[in-house]
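Structure, as C-alpha cells:
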Amino acid sequence: MAEFLTDIQGIWEIVRFPLGALMCLAGALLCLVGTVGVLRFPDIYTRLHAASITDTSGAALVLIGMMLLSPGWLIVAKLFAICVFLFLTSPAASHALANAAHTAGVQPIIGRVGSSDADGEDA
Amino acid sequence: MAYFLGLVIALVAFWLGMSGHNTPLILSLGGVSVALTCILAYRLDIIDREGSPYVRLFGFLAYFPWLAKEIVKANVTVIRACLKADLDIAPALVKVKTICKSDLAKVTFANSITLTPGTVTVEIEGDKLLVHGLYEQDAQPEAFAEMDQRSARAIDGKGAAA
C-alpha cells in the first residue's frame, strides 16, 4: 500500500509540470479568444460578454495551472485567495460597466446581428 | 456571536495562508492585526449577515460546483460566437423576476448571471433584474429559474425567512 502511494506521488510529480504548463497555455489562448471577441462584437454590452471569457475561464485556467506548478501549499493558498477575489469582484466590475452604460442611455443593439452588417468596422 | 466567530476564523485562516511564518513575534503581530480588524469591524457595526457571511459557507460550497459547470457550458457558447467566421449573435434585453428575498441572495443571483459569459445583469429594481444576453434564445426568463432557486436556497436557506 505504501509503495503504491509513493508510486502515485512519483507519477504526480512528473505529470504536474506539463499539466500546469498546458493549462496556463490554454488559459492564455482563451484570453486571446476573448480579445478577438471584444474586437469583433458590435456594441458595449456584447463586448462585455466577450470580456467575461477572459474574466472567468481564462483567469481560472491560468491560476489553476500556476497552482499545479507551484512549489508549496503556501503559494497555492495565495493563488486560491486571488481566485476567490477575482470571482467576487469581476462580475461587480462588469455590472458597474453595464449599469453605467445603461444609465447614460446607451441603447443596446437588439435582434439578430449578421456579418453582413458593416457596423463592426467603424466602431 | 456566530458572525463574530466566523469573522475571526476567516481572518486567522487568511493571515496564516498569506504569511507562513511561525516565529512568535510574527504570530503575535498577526494576532494583533486580527484583533484590530475585529475591533474596527465592530465599531463600524458591520459584523452582521453581510459583513460576515461565513455561516452560509456550506450552502454556498454546495452551490459553487453547479455554478462552475454552468460557467463552463456558457463559456463554450461564447467562445464559439467569438471565433465563428460569420458573426451571428442575437442580443436581447430581458426582465427576470427573482424569488430571492434578502439582498445577499439577490447579489449572489445577479453576480452568478454576470459571471456566466453571455449574460450580464444591467440593473436591479426590487425583485426584477434587467439582463442583457448574447443570444435571445438562451436568455429567456425560464433559463434563469434554476439558478434563481439554487442561489435562493444557498443563501436564504430552506425556510427563506431571513
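Just so it is clear, none of the values below were taken in a lab; they were calculated from the coordinates. Keep in mind that this is a model prediction, so the values were computed, not measured. Virtual Cβ from ideal backbone geometry, glycine too; neighbours counted across all protein chains shown.
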Local electrostatic count at B:D127 - Lys and Arg +1, Asp and Glu -1, tallied over other residues with Cβ under 12 Å: +2
Find the centroid of the Cα atoms in the stretch B:5-24 and in the stretch B:27-55, then give the distance between the two in whole Å. 12 Å
Tilt relative to chain B, helix B:2-19 - C-alpha long axis, 0 to 90 degrees, to 10: 90 degrees
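Near A:L30, within a Cβ-to-Cβ distance under 13 Å, what is the net charge of the other residues, with Lys and Arg +1 and Asp and Glu -1?
Numbers: positive: B:R80; negative: A:D55.
Result for the local shell: 0.
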Lys/Arg +1, Asp/Glu -1 at C-beta; the stretch A:2-103 dipole; positive extreme among A:L48, A:W12, A:A26: A:L48
With angles folded into 0 to 90 degrees, how steeply does helix A:73-103 sit against the dominant principal axis of chain A? Use alpha carbons for both and round to 10. 10 degrees
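Calculate the dipole size of chain B relative to its Cα centre from +1 charges on Lys and Arg beta carbons and -1 charges on Asp and Glu beta carbons; express the result in debye to the nearest 20.
Numbers: 15 positive and 16 negative charges, 83 e Å.
That gives chain B a dipole magnitude of about 400 debye.
Ranked highest first by the average count of other Cβ atoms within 10 Å around their residues, in what order do A:13-21, A:1-9, A:25-33 fall?
Numbers: A:13-21: 12.3, A:1-9: 8.0, A:25-33: 16.9.
Ranking, from highest mean packing down: A:25-33, A:13-21, A:1-9.
For B:S28 and A:E13, what does the FRET efficiency come to when R0 = 45 Å and r is the distance between their Cβ atoms, rounded to the nearest 0.05? Could the numbers behind the result be given before it?
Working: r = 37 Å, r/R0 = 0.82.
Efficiency, rounded to the nearest 0.05: 0.75.
For the protein assembly as shown, what is the number of Lys pairs with C-alpha distance below 14 angstrom, counting only pairs 8 or more positions apart or on separate chains?
Details: B:K95/B:K128; B:K97/B:K106; B:K97/B:K128; B:K101/B:K128; B:K101/B:K158; B:K106/B:K128.
So the count works out to 6.
If you put +1 on each Lys and Arg Cβ and -1 on each Asp and Glu Cβ, how big is the dipole of the stretch A:1-76 around its Cα centre, in Debye rounded to 20?
Here the size comes out at about 340 debye.
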Once you have a ≥ b ≥ c as the square roots of the Cα gyration tensor eigenvalues for the stretch B:96-162, tell me rounded if a/c is under 1.5, and otherwise prolate or oblate according to whether a/b is larger than b/c. prolate
Take the alpha carbon atoms of the stretch A:1-37, find their center, do the same for the stretch A:55-98, and report the distance between the two centers in whole angstrom. 16 Å
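Please give me the summed charge of the neighbours of B:D103: other residues whose Cβ is under 10 Å from its Cβ, Lys and Arg +1, Asp and Glu -1. Display every interim value, and only then the final one.
Working: positive: B:R49, B:K101, B:K106; negative: B:E50.
My count for the surroundings of B:D103 gives +2.
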